[in-house]
Amino acid sequence: MAQIIEGVGDNADLVNEDLTAKDRLVSHLDKIFLSMTSAEHKLYYQFDFQVLCQPALRVLLKDLFDERYKLMMESFQSILRDIPSASSFVDSHMLIAELDGIALNYLFAEDDYPLEEIKQRFIGKYILLLGL
């Protein structure tokens, strides 16, 4: 899971050096939603969820889950720090929580799950929230 997050973050860093904070945020969110649609990544997300639901495994792998969360926080905070209206710490937690919820619902949804429409509304909501 950390490799997926690092890959999304690395790709965003390489492509987004000259973009505005708004464009970097939109690009980063686009890449996250795109990773959700990958069949291989979907298997990782399903495994991740199943492990998180097992208390003994969750304790055993706590350091890996902490690293995953740290990487996600860093990726969002690096963007949100450049947005004056953002609270980079709080907004990063909010983004991660909402993305986790969307991913979880997508994992167990039928084929008609409107992921693309959710992505567009989600990005639009954050553009409004952050005054972009």
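The values are calculated or read from the model by the stated rules, or taken from the named source; none is laboratory data. The structure presented is a predicted model; accordingly, all values stated were derived computationally and were not measured. For neighbour counting, all protein chains shown are included, and Cβ atoms are generated from backbone atoms with ideal geometry for every residue, glycine included.
Of all residues in the stretch 32-80, which are without any contact (Cβ under 8 Å) to a residue 12 or more places away in the chain, among the aliphatic types (A, V, I, L, M), in a helix (DSSP H, G or I) and under 21 Å from residue 107 (Cβ atoms)?
34, 39, 43, 51, 57
So, of the residues in the stretch 98-107 that are within 12 Å of residue 36 (Cβ to Cβ) and surrounded by 13 or more Cβ atoms within 10 Å (Cβ to Cβ), which turns out to be nearest to the chain's Cα centre (by Cα)?
Among them, the one singled out is 99.
Look through 119, 125 and report the one residue that is surrounded by 15 or more Cβ atoms within 10 Å (Cβ to Cβ), modelled with pLDDT of 95 or more and among the charged types (D, E, K, R). Even if it seems obvious, please write down each step before you answer.
Working: 125 fails: surrounded by 15 or more Cβ atoms within 10 Å (Cβ to Cβ).
That would be 119, the only listed residue that is surrounded by 15 or more Cβ atoms within 10 Å (Cβ to Cβ), modelled with pLDDT of 95 or more and among the charged types (D, E, K, R).
If a residue must be outside any helix (DSSP H, G or I), out of contact with any helix residue (DSSP H, G or I) (no Cβ under 6 Å at 6 or more places or on another chain) and surrounded by 14 or more Cβ atoms within 10 Å (Cβ to Cβ), how many such residues does the stretch 81-97 contain?
Qualifying residue count for the region: 0.
Given (1) over 20 Å from residue 119 (Cβ atoms); (2) at pLDDT 85 or above; (3) of a type outside the set (Gly, Ala, Ser), where does residue 43 come up short, assuming only one miss?
Going through (1) over 20 Å from residue 119 (Cβ atoms); (2) at pLDDT 85 or above; (3) of a type outside the set (Gly, Ala, Ser) one by one, residue 43 breaks only (2).
Looking at (1) within 17 Å of residue 31 (Cα to Cα); (2) not in a helix (DSSP H, G or I), which one does residue 103 not meet, given that it meets all the others?
Failing condition for residue 103: (2).
Does any residue in the stretch 93-107 that is more than 17 Å from residue 123 (Cβ to Cβ) and touching a residue at least 12 places away in the same chain (Cβ under 8 Å) come within less than 8 Å, Cβ to Cβ, of a residue that is of a type in the set (D, E, K, R) and part of a helix (DSSP H, G or I) six or more places away or on a different chain, and which pairs are these?
Going by the 8 Å Cβ cut-off, the qualifying pairs are 107/42.
Can you name the condition, by its number, that residue 68 falls short on among (1) in contact with a Gly (Cβ under 6 Å, 6 or more places away or on another chain); (2) crowded, with 18+ Cβ neighbours inside 10 Å; (3) not acidic (Asp, Glu)?
Failed condition: (1).
Every residue in the stretch 108-132 that is over 15 Å from residue 32 (Cα atoms) and either in contact (Cβ under 8 Å) with a residue 60 or more places away in the chain or touching a strand residue (DSSP E or B) at 6+ places or on another chain (Cβ under 6 Å) (or both), please.
127, 130, 132
Suppose we filter 75, 87 for residues that are on the phi < 0 side of the Ramachandran plot, under 12 Å from the mean Cα position of the chain (by Cα), hydroxyl-bearing (Ser, Thr, Tyr) and at pLDDT 85 or above; which single one remains? First the steps, then the outcome.
Values: 87 fails: under 12 Å from the mean Cα position of the chain (by Cα).
Being on the phi < 0 side of the Ramachandran plot, under 12 Å from the mean Cα position of the chain (by Cα), hydroxyl-bearing (Ser, Thr, Tyr) and at pLDDT 85 or above holds for just one of 75, 87, which is 75.
Which ones in the stretch 48-71 are charged (D, E, K, R), under 18 Å from the mean Cα position of the chain (by Cα) and either modelled with pLDDT of 80 or more or over 22 Å from residue 95 (Cα atoms) (or both)?
66, 67, 68, 70
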